[in-house]
1. Taking the range 1-44 on its own, how many of its residues are loosely packed, with under 14 Cβ neighbours inside 10 Å, part of a loop (DSSP other than H, G, I, E, B) and in contact (Cβ under 8 Å) with a residue 12 or more places away in the chain?
2. When HIS102 is evaluated against the numbered criteria (1) modelled with pLDDT of 85 or more; (2) part of a loop (DSSP other than H, G, I, E, B); (3) not hydrophobic (A, V, I, L, M, F, W, C), which criterion, by number, is the only one it fails?
3. When the range 45-62 is examined, which residues are found to be assigned to a helix (DSSP H, G or I) and free of Cβ contacts under 8 Å to residues at least 12 places away in the same chain?
Amino acid sequence: MEKYTIGQCVFIVKNYLKFGENYTEIGRIYRTKYVKTNFPTNSTIRNIVNEFEETGSIQDQRSKVYSRNGRLQENIAAVNDSVTAEPNTSIRHRSQQLAIEHTT
């Protein structure tokens, strides 16, 4: 789905409320106002309206950002100490000893 501005999404939702599920008419009206842009398909209009009905907003919902526990200072210090003490230990074995994922 092409990224539409907030103004364009508001225009789509307002016309949906005005014309109901007549997506063809909404697309026609959209084309008269936004001549130089690609017009949304019926499924795009439906998706924008569904998002508005579910969240009450037309802004994109931000995804959760998970912290990277493997990069904590305590873990970095523990790995550094472990490597200094036992430089020949494999990464997998060291990760088991320190209870840190080996992919970290």
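The values are calculated or read from the model by the stated rules, or taken from the named source; none is laboratory data. Worth saying up front: this structure is predicted, and the values here are computed from it rather than measured. Glycine gets a Cβ as well: all are built from the backbone with ideal geometry, and neighbour counts include every protein chain shown.
1. The number of residues fulfilling the criteria is 5.
2. Looking at each condition in turn, HIS102 falls short on (1).
3. We begin by selecting, within the range 45-62, every residue assigned to a helix (DSSP H, G or I); these are 45-55.
Correct list: ASN50, GLU51, GLU53, GLU54, THR55.
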